[in-house]
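The values are calculated or read from the model by the stated rules, or taken from the named source; none is laboratory data. Because the structure is predicted, anything quoted here is derived from the model rather than measured. Cβ placement follows ideal geometry from the backbone for every residue including glycine, while neighbour counts extend to all protein chains displayed. Accessible surface is based on the protein model in full, side chains and every heavy atom, while ligands, DNA and RNA are left aside. Shrake-Rupley method; radii C 1.70, N 1.55, O 1.52, S 1.80 Å.
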Amino acid sequence: MNVKDANVPIEDRVRHVLSMMNVEEKIGQLIQLYGWEMYEKVQDKIILTEAFKEKMLRGGIGSLYGTLRADPWTGVTLETGLSPRQGAEVTNEIQRFAVEETRLGIPILFGEECSHGHMAIGATVFPVPLAIGSAWNRDLFEKMCRAVAIETRAQGGAVTYSPVLDVVRDPRWGRTEECFSEDSYLVGEMGVAAVKGMQGTSLSSPDSIGVTLKHYAAYGASEGGRNAATVHIGARELHEVDLPPFEKAFAEGAFSVMTAYNEIDGVPCTSSRYLLNQVLREQWGFKGFVITDCGAIDMLHSGHNVASTGEEAAALALSAGVDMEMSGSMFSRYLMEALNKRLVSQDELDEAVRRVLDAKFSLGLFEEPYVDPERAAIVIGSEEHAAIAKDVALESTILLKNENKILPLNKERKQKIAVIGPNADRPYNQLGDYTSPQPRERVATVLDGIRHKLEDSDCQVVYAPGCRVKGESKEGFEFAVSSAQDADLTILVLGSSSARDFGEGTIDLRTGASIVTDNAESEMDCGEGVDRTNLRLSGVQLELAQELGKLGKPMIVVYINGRPIVEPWIEEHADAILEAWYPGQEGGHAIADLLFGDANPSGKLSITIPMHEGQMPISYHLRRPSKRRYVEMDLKPRYPFGYGLSYTSYAYSNLQVSSAHVKAGEPVHVQVEVKNTGERAGQEIVQLYIRDKYSSLTRPELELKGFEKVHLEPGESQTVQFVLTDEHFALVNERMDRVVEPGEFILSVGPSSDQLVSQTIYIEGGDR
């Protein structure tokens, strides 16, 4: 049989290849090793390592992780790393050895990180997922994902470890930046957009990559916001909150899934037969393959301690439904012995191999294992993709405060502007975690954006860092205050950093000049494994703001960060606040456009910002009865879910529902008229929520069930329509079935979760 013949059904080709494999080759297909260790770059020449060749000839490697990844963990730098063209050449060389030099010629599956852009040198860096969620724009995100897929596949990457579908419970968690929202519905909608954008209409297309949904499951509900900590939730909450985004993305055709590090009720996700077989495969009908997170099987033995030996750990994972191990350390060392000891069966091994081979055939790797380096050099980091990155940054930035309409600023007015703060001109601080090294000229900081915006004006721009993100040094305060002393206003850029040590050097706080040093102090206070006890600004950033506040100048604060910030003094004293999250490589230009009115803010919060950390966990959808007050304060947040200001204003009217009485199973049509009542064009995010007035089991006070982002010119009105089905009204009952109960439902529409107009309907029939 010609396994490269696309006219032969994939099932037949998989069966044929599997029949020719020995046990070593089967185990090899379940192993994913670190790709950057498989080659050496010597004076621009690529050489495959002998260790790689030996592994391939001895039994093979099913997949390579992060072959094109560059960051401090891999040790790959701008100087030692691969250009877009070289990256394509490397994957071709590796693939050529796999296809032409091994017994069976099974191609390698290259898996890459693409949380907010391909994590490779030269690739476009988009805003982080928390920003994407704040844009509330499915179509724009799908467009972004298409760009990411094009860039990744052009270098040979065939599958990505994204999107992250974790629902955030506690924003002290360092990986909050990697998530879209605290809301399950919004997360699910973004997940569907990611699948559509990255996978396209055909996985075998040179512009498509397979998505890997992660982290399955409930990873965002970890105890105390600590990464990979235990999860304390009931079965109903798991099925109502954490699993629906995955189910929705799988229904769209998601390619694969990654297990989470955490355990739920004592069972690690990596060895959960319930999650990986009963729910994923039996209930949802998932046909793809399951991969672990890096080192997750090791944790079964040393971490969760549910397996006393490596063989038991490997057997637990494979029997539960794991098909591939990222890092490969346990499967490569222990799976053969587990087979010999009959801890797992040959049938279980064959089933996992079958799923991996099926994935490779679906991606078209047997027919087209190579990529075109010339194309890679053209499409990766293109101007078209940079423009998309800017659009996402524009739409995701949130105007939290605008006292006396100080924004937008007038760039035609002659004025002196002081740009101050540790995040005003630190490129890596605005890119977020899971980012590759970047040439300085490819990243526009806030200072860059403002200077570019005002280069042909009569405005003067002065800059001082003031302090670092972390650390107690105030040696830069004097320079910062003196720089702002005779300025007309101050733009203060504060926040956090998820920057690993990219050798960027540091800044002289007394002059703002860059310093090259081997002893740069890490500014990282966010990102994977960087969890916090509070949501305050690190270091002396607040004190810097307070010193500048003494000048009595107008002060505009721009936050660049990976989790919400709670700073009451700034909320009270700043004249305006922009929340930009980590806005990516074009963030500086986008922020400048927003500050000076060349764009109108349209982002809205996809996560609640509390008044005080002591209110956490806090979200708009707390269950009844949950709004008990503390001695010191109630549960009213600083900024509610869905909140965001604009330079224009909108009015909602004429809310209509198709019928006040409907039967279960019948669609409910909802429409509302939205009018731009201001003087600027803008985009409004129209949000629809439901409330089940009485239910047999407790439900949240409010649940997001629809949203649309609409563009309106001044004075323009638009009728926004929604269709609600049983999916939107259902709850999970004690049998874990989704049912619609009869009774009253309040339907509410508005600009945020706390500004709503409502109507009540009654649903007849259904289950109780």
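Scanning segment 661-696 for residues that are of a type outside the set (S, T, N, Q), assigned to a loop (DSSP other than H, G, I, E, B) and either touching a Leu at 6+ places or on another chain (Cβ under 6 Å) or open to solvent by 50 Å² or more (accessible area, probe 1.4 Å) (or both) yields Gly665, Glu666, Pro667, Glu679, Arg680, Lys693, Tyr694. Would segment 348-359 turn up any residue that is more than 30 Å from Thr201 (Cβ to Cβ), open to solvent by 10 Å² or more (accessible area, probe 1.4 Å) and modelled with pLDDT of 95 or more? Yes, segment 348-359 contains at least one residue that is more than 30 Å from Thr201 (Cβ to Cβ), open to solvent by 10 Å² or more (accessible area, probe 1.4 Å) and modelled with pLDDT of 95 or more. Kindly indicate whether any position in segment 565-588 is over 30 Å from Thr435 (Cα atoms) and assigned to a loop (DSSP other than H, G, I, E, B). Yes, some residue in segment 565-588 is over 30 Å from Thr435 (Cα atoms) and assigned to a loop (DSSP other than H, G, I, E, B).
Out of Ala149, Ala123, one residue alone is part of a helix (DSSP H, G or I), of a type in the set (Gly, Ala, Ser), more than 12 Å from the chain's Cα centre (by Cα) and closer than 22 Å to Asp207 by Cα. It is Ala149.
Name every residue in segment 733-747 that is surrounded by fewer than 20 Cβ atoms within 10 Å (Cβ to Cβ) and not charged (D, E, K, R), in order of residue number. Asn733, Met736, Val739, Pro742, Gly743, Ile746 - these are the residues of segment 733-747 that are surrounded by fewer than 20 Cβ atoms within 10 Å (Cβ to Cβ) and not charged (D, E, K, R). If the condition is being surrounded by fewer than 24 Cβ atoms within 10 Å (Cβ to Cβ) and β-branched (Val, Ile, Thr), then segment 165-194 contributes only Val192. In segment 697-730, the qualifying residues are those that are among the acidic types (Asp, Glu) and in contact (Cβ under 8 Å) with a residue 24 or more places away in the chain, and the one that is surrounded by the fewest Cβ atoms within 10 Å (Cβ to Cβ) is Glu713. If you filter segment 98-120 down to residues that are surrounded by 24 or more Cβ atoms within 10 Å (Cβ to Cβ) and aliphatic (A, V, I, L, M), you find that the one that is nearest to the chain's Cα centre (by Cα) is Met119. Annotation note: of Phe180, Phe141, the sole residue that is part of a loop (DSSP other than H, G, I, E, B) and of a type in the set (Phe, Trp, Tyr) is Phe180. The set of residues in segment 474-495 being closer than 29 Å to Cys526 by Cα and surrounded by fewer than 18 Cβ atoms within 10 Å (Cβ to Cβ) consists of Lys474, Glu475, Glu478.
Screening Gly28, Gly60 for residues that are under 16 Å from Lys360 (Cβ atoms), part of a loop (DSSP other than H, G, I, E, B) and of a type outside the set (D, E, K, R) leaves exactly one candidate, Gly60.
When each of Asp298, Asp265, Asp293 is tested for being modelled with pLDDT under 95 and either farther than 20 Å from Val353 by Cβ or open to solvent by 20 Å² or more (accessible area, probe 1.4 Å) (or both), the lone residue that passes is Asp265.
Could you tell me whether segment 304-327 includes any residue that is over 23 Å from Leu18 (Cα atoms), outside any helix (DSSP H, G or I) and open to solvent by less than 10 Å² (accessible area, probe 1.4 Å)? Yes, because at least one residue in segment 304-327 is over 23 Å from Leu18 (Cα atoms), outside any helix (DSSP H, G or I) and open to solvent by less than 10 Å² (accessible area, probe 1.4 Å).
Looking across segment 593-626 at every residue that is assigned to a loop (DSSP other than H, G, I, E, B) and β-branched (Val, Ile, Thr), the one that is nearest to Trp569 (Cα to Cα) is identified as Thr608.
Taking the residues in segment 16-33 that are in contact (Cβ under 8 Å) with a residue 60 or more places away in the chain and open to solvent by 50 Å² or more (accessible area, probe 1.4 Å) as candidates, determine which candidate is farthest from the chain's Cα centre (by Cα). Among those residues, the one meeting the criterion is Met20.
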